[in-house]
1. In nm, what is the difference between 0.36 nm times the number of residues separating ASN324 and HIS156 and their Cα-Cα distance?
2. Tally Lys/Arg at +1 and Asp/Glu at -1 over every other residue whose Cβ is under 12 Å from the Cβ of ASP249; what's the total?
3. At 1.4 Å probe size, with no ligands or nucleic acids counted, give the accessible surface of LEU76 in Å², nearest ten.
4. Which Rg and Dmax, in Å, describe the Cα atoms of the chain?
5. Taking only the C-alpha atoms, wrap a convex hull around segment 220-363 and report its volume per residue in Å³ as a whole number.
6. Return the distance in nm (one decimal) between the two label points of a simple spin-label model at PHE176 and ASN273, each offset 7 Å from Cα along Cα→Cβ.
7. Compute the projected area of the convex hull of the Cα atoms of segment 213-278, averaged over all viewing directions, and report it in nm² to one decimal place.
8. Quick one: work out Rg over Rh on the C-alpha atoms of segment 277-334, Rh as Kirkwood radius.
Amino acid sequence: MEITNLIDSFAEFKEQKNIDRATMMRVIEDVFRNVLAKTFGTDQNFDIIINIDKGDLEIWKNRVVVEDGDVQDPNLEISLSDAKAKNPDFEIDEEVTDEVKFQDFGRRAILTLRQNLTGKILELEKEKLYEKYKNKIGEIVVGEVYQVWKKEILIHDEEGNELVLPKQEQIPSDFFHKGDALRAVISNVEMRNGTPSITISRTSPVFLERLFELEVPEIIDGLITIKKIVRIPGERAKVAVESYDDRVDPVGACVGMKGSRIHGIVRELRNENIDVINYSNNSRLFIERTLSPAHINDIKVDEQERKAEVYLDPEEVSKAIGKNGSNIKLAGQLTGYDIEVFRDIEEGVEDDVALTEFADEIEPWIIDALKGIGCDTAKDVLKLSREELVRRTDLEEETIDYVLNIFREEFE
C-alpha cells in the first residue's frame, strides 16, 4: 500500500469525524513512532514530517558520526568512512540524516500500522463523544427511538450516537415506538470498557426545569428563578418559583395566558399535574401555599425540628393529603418540613367525613357501591363489619380492606 493512499484515507476520515488537523497529525505520528520503536529499538532519533492535505509523510533517521570501529548501535551511530561515502565533508560528532522508505517496514508492519491507526482514531472518536456529552449533563437532548426493550429504550441522536433511556428513568405512562421522536435530559455519562455510556432521563426534576426554561422566557432572562422542583413522575409535581421584580408575577408567567405555557409541559410529561407555587421565606406561608388546593385554618411550625402541624376543616383533609398522599408528600419535600395534618372539629359536632371527600384516594365506582348500601360517610362504613361489607357491596375482599384502612387512618 502506498503512503499517499494511507494518508489520504485518514484525511478523509478526519473530515467525516470532524477531527481537528493537529489531533489527527498527533495520532498518526504516535502510531508511526510505535512502529519505529519496535523495528529499531527506539524512535528518539527519528523525525516524522506529515502533510495530511497533500497525503505526504516522510521519516528521517538521524545518526551521529563516530570513529571507524566505534559503532555501538548502527541505528544511532554511523562510522566516519560510511558517512564520508555519503558526503566527504562529514566529520566526527556531526549528524547524518537518511530518509527511511515506507516500504522498508514490510507488508505485515504496514497492515499492523493501518489497524493501529484505525483503532486510535476510533478511540479518539469515543473520547470526543464522551467529552461532548459530559459537558452537556443537565441539558435536553432530542433523539429518535431506535429500539424498544423491556428494561430500556435505545435512542439515536441527530449524529447517530447511541443514548439509553432506562425503564426507571421513563414516566410510567410513557409508550414509544421505533421512529418516534423523544425528548429527555442527559443525566449521566461514563466510560464502560472504553465506550461512552450516555444515560438520559424523563423523570428527573432537571427535565421539568429545562422544559420550563424552554416555555418561559422570563426564566432564561433571569426575571424568574426556579427555587426547587419535586416530582412523582407522571402523577404530580410542585415547582417553587420566585421573582425579584415586583412587576412580574412568577406563577402567572409560568402558567401563561389560559395555561398556554404550562399545557405543553403537561402534555410532554403525560398529563402530570403541575402545581406552580410562589416561593416565600415565611415558612408558614410557604407551607400553606404548597398544600393548595386545601384551605388551611392554622399552622404550627417547629423551626428547630423542621416539623409543621396543619389544622384544617374535615372536608379539606383529603385535599391536603391528595391521591395516595401525593400532595402532602411533595409539600414536605418542597418545604423541607415533616408535615402532619389535623382536623379542626367544632365542639359538639361529631367528627365524620363524607365519602365524596375521598375521591382522590378511592375510585368513584367503589364509592358508588358503598353509597348503594346506605353509607354516605366514612363512619357509616366503619360501623359495618368486613364480612357484611363484602356481602352487601359484592366488592373484593382486598378492595374492602383497602377502603377500611383509609377510613381508619383518617380518624387516627
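The values are calculated or read from the model by the stated rules, or taken from the named source; none is laboratory data. Being a predicted model, the structure only gives us computed values, none of them experimental. Neighbour counts run over all protein chains shown; Cβ positions are idealised from the backbone, glycine included. Surface accessibility is based on the protein's heavy atoms, side chains included, excluding ligands, DNA and RNA. Shrake-Rupley method; radii C 1.70, N 1.55, O 1.52, S 1.80 Å.
1. The ASN324-HIS156 span can extend by a further 56.8 nm.
2. -3
3. Answer for LEU76: close to 70 Å² accessible.
4. Gyration radius and largest Cα-Cα distance of the chain: 36.4, 124 Å.
5. 136
6. So the two model labels end up 2.7 nm from each other.
7. Projected over every direction and averaged, the Cα hull of segment 213-278 covers 4.1 nm².
8. 0.93
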